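Some notes on the structure that comes next.
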Amino acid sequence: MLFPLSSKIRPAAETRDRDAFDVRPSTTLPPKLAPSQSAKRLIQLLPEADRVLIVGSTGDGKSTVAKHIVEDFQPCRLLICDSKGEIKWPGAVLVQTPEQITQALSNQQTIRWVPATFEKKYLEECWKAIHAARGPLIVWIDEAAEHCKPGWCPTGMRLDITQGRSGDSSCGPRLVITCTQRLAECHPAVRTQAEHIMVMTPPPAEIDLKAIAAHVRRSPQQLEAELQQLYDRYGRYSHLWYCKLENDMRNMAPIPL
Ligand SMILES: Nc1ncnc2c1ncn2[C@@H]1O[C@H](COP(=O)(O)OP(=O)(O)O)[C@@H](O)[C@H]1O
Ligand SMILES: [Mg+2]
């Protein structure tokens, strides 16, 4: 087996003790758990092949949250779409061409793709190479608005987001984590497919509040008020975590670094 480690994705959430993760919904601030424990413990609830969307402005801590989730799933084969070329991951193999992506996905454990350009043709080819890889795989798309637009998404990226939720599909299982500071400029699949939506404090721009509010079953005003309340209490890097399947919104204190 090429990846003795990568076949290990931790057990599905149902097999874990859900009662152990008791955090009160955001309407009843403060969370029952000590804030510093909440994020770490909630990550344990995340199933292996979900779609996670993390929304916030630059510097709000999106990549840090994504990194903590990814770290919790290690060891697992990982592809980081490092749009800004600034993610540090020890031992990650740097790739730029579609050929390098294909090669690395066949024999490397951790791969960091720093796009050479954001031209459509190049992105299509690179995402085709990514989607062709078999799971288990974690795909972490940092700054997704560089990769797609409201009316356009590379086919491979769209399929990565819409498929691969189980080991039965040829590309699955894959966990896809998407970070963006400009949600309204991303393809709708990024938000419609997400089982987990995290919104960083302070509240984002109105256009992004409007783009995300319906997906967390709130009005933009309600969402803004909840984010502001959380920010006032816990400050920077706090965030809301919406679990779509349970229709459950949770307050998350900053992840302790
Ligand atoms: N929970 C946290 N506690 C303390 N510092 C944090 C936390 N999250 C992020 N930071 C710091 O804030 C800066 C920006 O974080 P980053 O995750 O890169 O933000 P983004 O991806 O949203 O631009 C980094 O220097 C990081 O160390
Ligand atoms: Mg970032």
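Some points to look at:
- Calculated FRET efficiency for the pair Thr162/Asp248, C-beta based, R₀ 25 Å, to 0.05: 0.60
- Amide H contacts of Asp50 (H built 1.01 Å from N, in plane; Pro and chain starts excluded): Val176 sit under 5 Å, all sequence-distant by 5 or more or on other chains.
- Scaled to the globular estimate 2.2 N^0.38 Å, the Cα spread of the range 24-252, given as radius of gyration, is 0.98.
- Working note: Cα gyration tensor of the range 133-257, eigenvalues times five, square-rooted, sorted largest first, giving semi-axes of 27, 16, 13 Å.
- Among the listed pairs Lys128/Lys149; Lys120/Lys149; Lys67/Lys120; Lys62/Lys88; Lys62/Lys121; Lys84/Lys244, a Cα-Cα separation exceeding 22 Å is found for Lys67/Lys120; Lys62/Lys121; Lys84/Lys244.
FYI, it's all coordinate maths here, none of it is from the lab. Just so it is clear, the structure is predicted and the values come from calculations on it, not from any experiment. Cβ: placed from backbone, ideal geometry, glycine included. Neighbour counts: every protein chain shown.
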